[in-house]
Ligand code: SF4
Ligand code: SF4
């Protein structure tokens with residue numbers, strides 16, 4: 001389930017050791033520390049001149065060797081995702097251009113500036129999967145990206161579907177429902193209904209891997225928040241320390257109150273900026289105290305059911321909360337805990353300030369791990 005790791009620049013490996021990594025738990029993991037030599041020398045590259053002349057396995061191997069994993073959320077290896085089981089033919093290939101949270105503009109910027117490469121990567125994935133329909137779902141608040149993609153997609157039979165900007169329409173399951181009218185079954189995956197979603201950054205990486213032979217060594221990351229003087233989108237080498245990235249964006253230490261990785265709804269607070277940018281790091285928010293104040297103290301649940309009304313997955317967040325808190329994960333699973341997309345809408349509306357989504361994350365990680373290994 002892994003993909004190869006590439007040095008993002010030339011230099012010397014100094015250590016292989018446990019270091020803090022970006023994860024809600026604040027855990028450490030094995031990391032390779034590279035000291036750059038400043039030369040930024042590349043190994044020889046092996047682009048594919050005409051991938052259509054090759055068999056699909058060879059192209060998938062090149063995608064694997066380039067170290068490409070999904071850059072939207074879960075970081076699943078792309079070459080594995082592009083090999084759905086034989087009994088689950090992909091009829092619809094969706095490119096997710098619907099960045100669903102405020103603050104994050106990394107995909108928007110990539111679509112504006114790299115539309116040709118996105119279409120090139122999408123065409124490679126479509127050639128591998130042979131779907132009947134290829135569609136890019138993009139929110140209507142991104143007019144420049146829509147126009148750039150429409151131009152780049154001319155003559156390719158790629159459909160550009162403009163959808164209303166409404167959180168969380170960029171969630172995979174929500175986007176599939178909007179674009180196809182079909183629902184991913186509970187506990188299932190999009191391939192169960194003949195659909196596959198890919199991310200904008202992943203399409204760029206696939207194009208670079210095939211057409212230029214380049215491995216995935218960088219990504220576009222939004223650095224924003226009122227505690228930086230120069231917010232923007234940066235093309236960042238994978239492995240770059242987040243504190244270095246913040247210094248490039250003009251971090252003002254006196255104003256910094258909270259550092260959030262990801263968006264304000266689905267992101268999590270970073271305990272330390274001494275963690276590296278990874279392939280899924282789409283946004284870093286350096287927030288002031290007025291921008292993202294500390295949550296109010298948690299109060300008892302008043303059974304108002306506002307969380308259930310807000311849940312886009314039609315779950316019962318209040319009951320999931322009780323069971324997760326009590327450690328009764330089998331009961332939470334029975335109420336479809338694993339369908340929770342961790343959108344944070346329930347926590348946002350809860351008048352008792354219960355951080356509901358945090359109660360689900362730990363059991364999902366732990367219980368999901370146990371399920372995988374049982
Ligand atoms: S919104 Fe909060 S207080 Fe209301 S039912 Fe849900 S968990 Fe309880
Ligand atoms: S985070 Fe809350 S609102 Fe969002 S899907 Fe999960 S239970 Fe529903």
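The values are calculated or read from the model by the stated rules, or taken from the named source; none is laboratory data. Predicted model, so just to flag it, every value in this text is computed and none were measured. Cβ coordinates were reconstructed from backbone atoms using ideal geometry, including for glycine residues, and neighbour counts include every protein chain displayed.
The figures follow:
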{"read-out": "One residue from 237, 320 being under 30 Å from residue 69 (Cα atoms) and either under 19 Å from the mean Cα position of the chain (by Cα) or outside the structural domain of residue 186 (by TED's automatic domain parsing) (or both)", "value": "237"}
{"read-out": "Selection within segment 1-14 - part of a strand (DSSP E or B), on the phi < 0 side of the Ramachandran plot and surrounded by 11 or more Cβ atoms within 10 Å (Cβ to Cβ)", "value": "none"}
{"read-out": "Scope segment 33-72; condition assigned to a strand (DSSP E or B) and either at positive phi or surrounded by fewer than 14 Cβ atoms within 10 Å (Cβ to Cβ) (or both); matching residues", "value": "35"}
{"read-out": "Residue list for segment 342-351, restricted to those being assigned to a loop (DSSP other than H, G, I, E, B) and either under 10 Å from residue 321 (Cβ atoms) or near ligand 2 (Cβ under 9 Å from one of its atoms) (or both)", "value": "342, 343, 344, 350"}
{"read-out": "Any hit, segment 302-313, residues being more than 11 Å from ligand 1 (Cβ to nearest atom), under 14 Å from residue 360 (Cβ atoms) and not assigned by TED's automatic domain parsing to the domain that holds residue 199", "value": "yes"}
{"read-out": "Selection status of residue 295, farther than 30 Å from residue 178 by Cα, in contact (Cβ under 8 Å) with a residue 24 or more places away in the chain and within 15 Å of ligand 1 (Cβ to nearest atom)", "value": "yes"}
{"read-out": "Some residue of segment 272-286 being touching a residue at least 12 places away in the same chain (Cβ under 8 Å), surrounded by fewer than 21 Cβ atoms within 10 Å (Cβ to Cβ) and within 22 Å of residue 344 (Cβ to Cβ)", "value": "yes"}
{"read-out": "In segment 208-255, the residues that are without any contact (Cβ under 8 Å) to a residue 24 or more places away in the chain and within 19 Å of residue 75 (Cα to Cα)", "value": "235"}
{"read-out": "Hits in segment 99-124 (condition: in a loop (DSSP other than H, G, I, E, B) and at pLDDT 90 or above)", "value": "103, 104, 105, 114"}
{"read-out": "Boolean, residue 241 is over 20 Å from residue 364 (Cβ atoms), touching a strand residue (DSSP E or B) at 6+ places or on another chain (Cβ under 8 Å) and surrounded by fewer than 19 Cβ atoms within 10 Å (Cβ to Cβ)", "value": "yes"}
